[in-house]
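Accompanying notes for the structure given below.
The values are calculated or read from the model by the stated rules, or taken from the named source; none is laboratory data. For clarity, every value in this text was computed on a predicted model and none was experimentally measured. Cβ: placed from backbone, ideal geometry, glycine included. Neighbour counts: every protein chain shown. These area figures cover heavy atoms from the full protein model, side chains too; ligands, DNA and RNA do not enter into them. Shrake-Rupley method; radii C 1.70, N 1.55, O 1.52, S 1.80 Å.
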Amino acid sequence: MSLQDLDAFLSQRETDSALAATLAEPLSIEALIELARGRGFNITADDVFSAQAREDADAPSVELQRRMAEDSRRLRHFIQG
């Protein structure tokens, strides 16, 4: 049920510009959960990870390769200092 809550919560971005602006910024999972709870939705960290896995499963391989390349570049810059 709470994965459905996450979907419903995220769909509110389309009609709530303040929420859209908040979600456009980096948030910790804990902050995302609290934001959703403040709007009456009950989500967990597992729901967030499940939604990410669902998105990855639906993404074409080219998109997944692009994401991996971005992550790799960020990690390379982080390690070098």
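The figures follow:
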read-out	value
Surface accessible to a 1.4 Å probe, LEU35 within the full protein complex, Å²	50
1.4 Å probe accessible area per residue over the chain, in Å²	74
Column: log10 I(q)/I(0), Debye, Cα scatterers of the chain, q = 0.11, 0.15, 0.26 Å⁻¹	-0.38, -0.68, -1.20
Taking the chain and dividing mean pair separation by its residue count, relative contact order in percent (alpha carbons under 8 Å, at least six apart)	33
Estimated FRET transfer efficiency (ARG74, GLN4; beta-carbon r; R0 25 Å; 0.05)	0.20
Chain lengthening between ARG67 and GLU30 when straightened (0.36 nm per residue, less Cα-Cα)	11.0 nm
Highest-MSF residue in the chain out of ARG67, ARG37, ARG13 [GNM, Cα springs under 10 Å]	ARG67
Residue-averaged 222 nm ellipticity for the chain, from DSSP H runs of 4+ at -39500 (n - 2.57), nearest 500	-24000 deg cm²/dmol
Degrees, to the nearest 10: 61-80 long Cα axis against longest axis of the chain	70
Rounded percent of accessible protein surface that carbon and sulfur make up, the chain, 1.4 Å probe	55
